[in-house]
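Reviewing the structure listed below.
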Amino acid sequence: YVLTGDIMEERGPDQLVYIDRRNDVLKLSQAEFVAVGALGATFEGGGAVIKQIYIYGNSARAYLLAVVVPDMDVVTARIGANPGEAGLKALIRAEMQEVARVNKLKSFEVPRDFIIESEPFSFENGLLSSVRKRMRPNFKRKYGERLEAMYVEIERKRQEELMGLKNPD
């Protein structure tokens, strides 16, 4: 027994399969495990609009959120030079859905909402290490409060919808 930080699956006697790294796995509230590193790579490599993505979740919630850096050259080519936030979000959301469909992702693997970031993740802004790996604690420090506020806002809207269904007056 060696603690390496790798997550392995035993599929049979003497048959181990590498799944992911321990630090790249989140457990959501419905007990789903999400390999955020692989999921981020899927979204970044699956389409042209998403240049970089940071996937965020916590064990108290059943869904993911994200921070997305869009490729503005692609955005400009598709929807014009000065897209509004709503148009940009719609474009990114459509690409996420298409990537999810093509890669047969589960619904809980697709971020429900996201923050649009114009500054790319880099070593200079402290979000990537010198070998270009994401420094998750720095992402959480920079975006954690805003992402948690998004969870609260989504839940508030959900509660309002439920109350509207109960009391249609």
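The values are calculated or read from the model by the stated rules, or taken from the named source; none is laboratory data. In this text the structure is predicted, and so the values were computed from the model without any measurement. When we count neighbours, we look across all protein chains shown, and the Cβ atoms used for this are built from the backbone with ideal geometry, even at glycine.
Condition first: assigned to a loop (DSSP other than H, G, I, E, B), within 22 Å of Ala149 (Cα to Cα) and modelled with pLDDT of 95 or more. Can you find one or more residues in region 64-86 that meet it?
yes
Among the numbered criteria (1) closer than 14 Å to Val36 by Cβ; (2) surrounded by fewer than 17 Cβ atoms within 10 Å (Cβ to Cβ); (3) small (Gly, Ala, Ser), which one does Ala60 miss?
Failed condition: (1).
Could you tell me which numbered condition Pro111 fails, if it satisfies all but one of (1) farther than 12 Å from Tyr54 by Cα; (2) modelled with pLDDT of 95 or more?
Tallying (1) farther than 12 Å from Tyr54 by Cα; (2) modelled with pLDDT of 95 or more, Pro111 fails exactly one: (1).
For region 63-97, enumerate the residues that are among the acidic types (Asp, Glu) and more than 18 Å from Val36 (Cα to Cα).
Asp71, Asp73, Glu85
Can you tell me how many residues in region 19-63 are within 19 Å of Met150 (Cα to Cα) and part of a strand (DSSP E or B)?
Looking only at that region, the number is 6.
Identify, please: which residue in region 81-98 is more than 25 Å from Arg158 (Cβ to Cβ) and touching a helix residue (DSSP H, G or I) at 6+ places or on another chain (Cβ under 8 Å) and is, among those, surrounded by the most Cβ atoms within 10 Å (Cβ to Cβ)?
Only one residue tops the list, namely Pro83.
Tell me which residues, restricted to region 117-169, are loosely packed, with under 10 Cβ neighbours inside 10 Å, β-branched (Val, Ile, Thr) and either in contact (Cβ under 8 Å) with a residue 24 or more places away in the chain or touching a strand residue (DSSP E or B) at 6+ places or on another chain (Cβ under 6 Å) (or both).
Within region 117-169, none qualify.
Please indicate, with yes or no, whether at least one residue in region 96-108 is in contact with a Lys or Arg (Cβ under 8 Å, 6 or more places away or on another chain) and either in a loop (DSSP other than H, G, I, E, B) or over 26 Å from Gln30 (Cα atoms) (or both).
Among the residues of region 96-108, not one is in contact with a Lys or Arg (Cβ under 8 Å, 6 or more places away or on another chain) and either in a loop (DSSP other than H, G, I, E, B) or over 26 Å from Gln30 (Cα atoms) (or both), which makes the answer no.
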